[in-house]
Amino acid sequence: MVALVVVLNTLGNTFLSIGMKAASGSLLGALLHPAVLLGIALLIGWTLARMHLLGLADLSFVLPVTSIGYVLNALIGRFVLNEQITIERWLGTLCIMSGTVLVGMTLPAARKS
């Protein structure tokens, strides 16, 4: 479930960015761009999957572990969207990744019925 949340978030944001950069004109025109629509659909799926995941595990586990999506977004931004990323952004991404690894080394608390 964690992987699904991360993938939906990463792909949703990627397609939203692609569509918004490609769309020209009004906000309505952007909303009708296929990549924007796909991004919105993926982010709706992400929200539903994240809601389910929050029902299974503690917030203090879910948010740090799913933050690996920020790292994936930086990598996609650099290598797919050809964005220039400063050393400060890479260092921030490294901090996020380190925190994700630390939290991921713990087990999520079991939910009590």
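The values are calculated or read from the model by the stated rules, or taken from the named source; none is laboratory data. Here the structure is a predicted model, which is why all the values come from computation and not from measurement. Cβ atoms come from the backbone with ideal geometry, glycine included; neighbour counts cover every protein chain shown.
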Problem set entry | Which listed residue, of T14, T10, T100, T106, is hydroxyl-bearing (S, T, Y), modelled with pLDDT under 90 and in a helix (DSSP H, G or I) | T100
Exercise. How many residues does segment 83-93 contain that are surrounded by 12 or more Cβ atoms within 10 Å (Cβ to Cβ), in a loop (DSSP other than H, G, I, E, B) and among the β-branched types (V, I, T)?
Worked result: 1
Exercise. Considering A49, A74, which residue is in contact with a Leu (Cβ under 8 Å, 6 or more places away or on another chain) and closer than 18 Å to V6 by Cα?
Worked result: A49
For this session: Being among the aliphatic types (A, V, I, L, M), free of Cβ contacts under 8 Å to residues at least 60 places away in the same chain, surrounded by 12 or more Cβ atoms within 10 Å (Cβ to Cβ) and under 14 Å from T10 (Cβ atoms) narrows it down to one of A23, A35, A57, A49, so name that one.
Result: A49
